[in-house]
Amino acid sequence: MVAQGAEPWRSGFEKLKAHPQSQGSYAMQGPFAEISRNPTVHQREFDQDANAAYQCAIVWYITGDAAYARKSEQIVDGWSSTLKRVGGRDAVLAASISPFKMINAAEILRSTDSGWPAANARRAGQMFASVIYPVIENFALFANGNWDTGSIKTMMAIAVF
């Protein structure tokens with residue numbers, strides 16, 4: 001629909017493409033070995049980088065411009081080689097909200113002809129399975145229902161990846 005110039009898809013895509021986190025020139029905020037919510041430790045940086053990875057992956061897929069794929073890869077590769085822990089009292093939220101976007105960016109990269117090396121995709125999958133999943137595997141029985149929903153959607157994204 002974007003390629004055909006159909007509305008509202010074309011104008012919506014143009015807004016996405018103009019967003020600061022949808023740029024091939026986006027400057028990564030991380031990576032760091034730990035992210036945490038409550039207390040906040042590098043959560044903002046991870047959130048912004050996850051947004052950028054996902055948005056650039058979408059722009060890559062729609063435009064075919066490899067610069068966007070390279071930016072998304074840079075972000076996913078950076079975090080997957082560095083992130084070792086998700087902590088804090090709100091760790092379940094930290095492991096379910098933004099990682100969902102990064103996992104989906106990785107899935108777009110892996111399932112298209114982006115040129116993302118298979119070894120890098122495997123490393124990302126290992127990080128999703130060993131750093132993100134253990135935090136959400138038992139949900140958040142102590143919290144309200146949307147915490148569980150966040151966990152479920154992220155678990156599903158990891159399973160698909």
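The values are calculated or read from the model by the stated rules, or taken from the named source; none is laboratory data. Values in this document were obtained by computation on a predicted structure and should not be read as measured data. Note that we place each Cβ from the backbone using ideal geometry, even for glycine, and neighbour counts take in every protein chain shown. The area values use the complete protein model at the heavy-atom level, side chains included, leaving out ligands, DNA and RNA. Shrake-Rupley method; radii C 1.70, N 1.55, O 1.52, S 1.80 Å.
Points worth noting:
- Evaluation of Leu83 against the conditions (1) open to solvent by 30 Å² or more (accessible area, probe 1.4 Å); (2) in a loop (DSSP other than H, G, I, E, B) shows that the sole unmet condition is (1).
- Only residues that are surrounded by 19 or more Cβ atoms within 10 Å (Cβ to Cβ) and in a helix (DSSP H, G or I) were counted across the stretch 111-132, and they come to 6.
- Number of residues in the stretch 133-160 that are open to solvent by less than 90 Å² (accessible area, probe 1.4 Å), outside any loop (DSSP other than H, G, I, E, B) and within 27 Å of Arg122 (Cβ to Cβ): the value is 13.
- Residue within the stretch 46-53 that is surrounded by 14 or more Cβ atoms within 10 Å (Cβ to Cβ) and outside any helix (DSSP H, G or I) present: no
- Qualifying positions in the stretch 112-135 - touching a strand residue (DSSP E or B) at 6+ places or on another chain (Cβ under 9 Å) and either of a type in the set (A, V, I, L, M, F, W, C) or touching a residue at least 24 places away in the same chain (Cβ under 8 Å) (or both): Val131, Ile132, Val135
- Every pair of residues 6+ apart whose Cβ atoms lie under 7 Å, when the first sits in the stretch 52-71 and is closer than 11 Å to Gln23 by Cα and among the polar types (S, T, N, Q) while the second is at pLDDT 95 or above and not in a helix (DSSP H, G or I): Gln55/His19
Listed here are the residues, each with its yes/no results for (1) of a type outside the set (A, V, I, L, M); (2) over 18 Å from Tyr26 (Cβ atoms); (3) touching a helix residue (DSSP H, G or I) at 6+ places or on another chain (Cβ under 8 Å).
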{"site": "Ala66", "(1), (2), (3)": "no, no, yes"}
{"site": "Lys71", "(1), (2), (3)": "yes, no, yes"}
{"site": "Thr82", "(1), (2), (3)": "yes, no, no"}
{"site": "Arg85", "(1), (2), (3)": "yes, yes, yes"}
{"site": "Phe100", "(1), (2), (3)": "yes, yes, yes"}
{"site": "Ser111", "(1), (2), (3)": "yes, yes, no"}
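- Search result, residues across the stretch 5-41 that are touching a Leu at 6+ places or on another chain (Cβ under 9 Å) and open to solvent by 40 Å² or more (accessible area, probe 1.4 Å): Pro31, Phe32, Ala33, Glu34, Arg37, Asn38
- Hey, Ser72 open to solvent by less than 40 Å² (accessible area, probe 1.4 Å) and assigned to a loop (DSSP other than H, G, I, E, B) or not: no
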